[in-house]
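A short reminder: the numbers here are calculations on the coordinates, not readings from a lab. Just so it is clear, the model here is predicted, and its values are computed rather than measured. Quick reminder, even Gly has a Cβ in these numbers, built from the backbone with ideal geometry, and neighbours come from all protein chains shown.
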Amino acid sequence: MATMNTRARRVRTAGALAPAAAAVLLLGGCGGSSPGEAASGEPSAGSGLGGQAGPSADRPDGVNAPAATTFATVPGAPKDEGAQSATDGLVVHPSAAVPVLDRPGGRTVATLPAEQLGGPTWVPVVETSGGWRRVLLPSRPNRATGWISAATPGLRTAHTPYTVRIDLARRSLTLLESARPVGRWKVAVGGARTPTPPGRTFVMASLAPAKQTPSPIVLPLGTHSATLDTFGGGPGTVALHGWPDRAVFGRAVTHGCVRVPADALRRLSSVPLGTLVLING
Amino acid sequence: MRHVLRRLTTAGLLAAGLVAVTSPAMAAPAEHSGTARGEGSAYGLTAIGAVPLAPVPAVSSRSGAARKSLLREDRTEYVQASALDVMARAGHASSSVARLNVPPAGLTAGAVTATCDGGRGATHLTDALVAGRRLDAAPPPNTTVPVDVEGVGRTSLILNKQQRMRDGRLAVTGMELNLPLSKVAKDSTVRIASATCGQAAAPRPHAHPRPRPAAEAPAPTPVKRDLPVAG
């Protein structure tokens, strides 16, 4: 499928819509960053995307480490072990790029920039050790984590009462507030060849695409398609978003994203960034 | 002056370089204030920077009077003093340093005394001179005097430095001198005769507990932006 993306871009250029590429193009209407809009850590339009480390334009400690964005790969990031565990809801926001270490006091493997896709970076804390916080990263490989110092100047902490649970087998999404379900919807999940990746991730950004269709709001998560290195010119980021055709809900038909009904999207769009999304396989 | 002489006499009786008297039982009853609260603390001399000196002598007390004296401080060549005498008890502290000499700045003093009592501070200087210029015996709080250090340049001397600590207590320092030791080396800051007193700000009462958590994560504001996602 990764090679299919190259083909898809060609198809898009030619204006001929192959069925497999239709979703790309529809959301491609949401997609395609304008030149000059690229935020820190993003590759410029036309450069290679998937599987590459983003440039580290903002290096607080001078280490040549990638900026942890949805466009980057952080090779030395320790893998998240708590695949389905909820946390106490602690989320953190760095006011400037902070070093990300592979263990408390260890080696710098990345920097976490203050912004993701033009909005503030908020990442969930999944473990604490003394003055160190282990956070989920929005980069490849999936389940990438890293440690940041709690003493980082300007590090803002907050609490989100929400958790999102996605059951791939039931093709349902449940929104929990203070561990109590406050909404449950049938959703569309990844198809057999392009499954939605299971694991623990988070709401990474909230985007309002230029085109309202297929979704007025797109909520990119901190995880990526495991089978598509790139998609539609993007890095294969998995997102929660709406879909105009209600027939898809309850089916495994997407390229990895989770398509949700309009009322679910409305509720999810008010959930704080950094909120955990637990996807069970 | 008589006060200073008494302290000098006291220090002169000390056989060793440093003698500490910290037993509250030995405190004079007149020094107790029935309403005084909070910790008092004091030190005679300290330096931070290129040539650090730990505060000596240093004392603190939350109850009865505690005293320490040091006959002489001459571990470095850029600051010397004799008869360093400090006392602290609840709500009160004082520090006196005699025969001060800071050769690089041409600073000398017969005595520097700082007192802090019930959250109010004062400094008294006896025969204090900088580059031959006499300094006010009772300088107002935070008086800054320019000082020329030969071969290095102009620096500043703060007299009667009064500073509110983060915990709400008052710190009074008789003299604080920023001392550039050379044009390339890091500066040193010398503090002479410091007394701190007052009651630390009490933690917030629990009468109106805030609901946990204090910081609720904000709802996101959508960014007008496109990202091709794995739809």
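As an exercise, use a Förster radius of 56 Å and the Cβ-Cβ distance of residue A:266 and residue B:152 to find the FRET efficiency, rounded to the nearest 0.05.
Efficiency at R0 = 56 Å is approximately 0.25.
Give the relative contact order (percent, whole number) for the range B:43-197; include only Cα pairs under 8 Å separated by 6+ residues.
It comes to 21 percent, rounded to a whole number.
List the relative contact order of the range A:199-277 as a percent without decimals, with contacts defined as Cα pairs under 8 Å and 6+ residues apart.
Once divided by the residue count of the range A:199-277, the mean separation gives 34 percent.
Roughly what percent of Cα-Cα pairs across the range B:43-197 reach past 21 Å?
39 percent
I'd like the antiparallel share, as a percent to the nearest 5, of DSSP beta bridges with both residues in the range B:43-197.
Expressed as a percentage, antiparallel bridges in the range B:43-197 total about 100.
Using a 7 Å offset from the Cα along the Cα-to-Cβ direction at both residue B:189 and residue A:170, what is the distance between the two label points in nm, to one decimal?
In this crude spin-label approximation the distance works out to 6.1 nm.
Among A:265, B:71, which comes first, second and so on when ranked by fewest other beta-carbon atoms within 10 Å?
Ordered by Cβ neighbours within 10 Å, fewest first: B:71, A:265.
How much FRET efficiency would the formula 1/(1 + (r/R0)^6) give for residue B:108 and residue A:103, where r is the Cβ-Cβ distance and R0 is 51 Å, rounded to 0.05?
That gives a FRET efficiency of 0.40.
Can you sort B:87, B:175 from fewest to most other Cβ atoms within 10 Å of each residue's own Cβ?
Ordered by Cβ neighbours within 10 Å, fewest first: B:87, B:175.
At a 10 Å Cβ-Cβ cut-off, how would you order A:162, B:43, B:78, fewest neighbours first?
B:78, A:162, B:43
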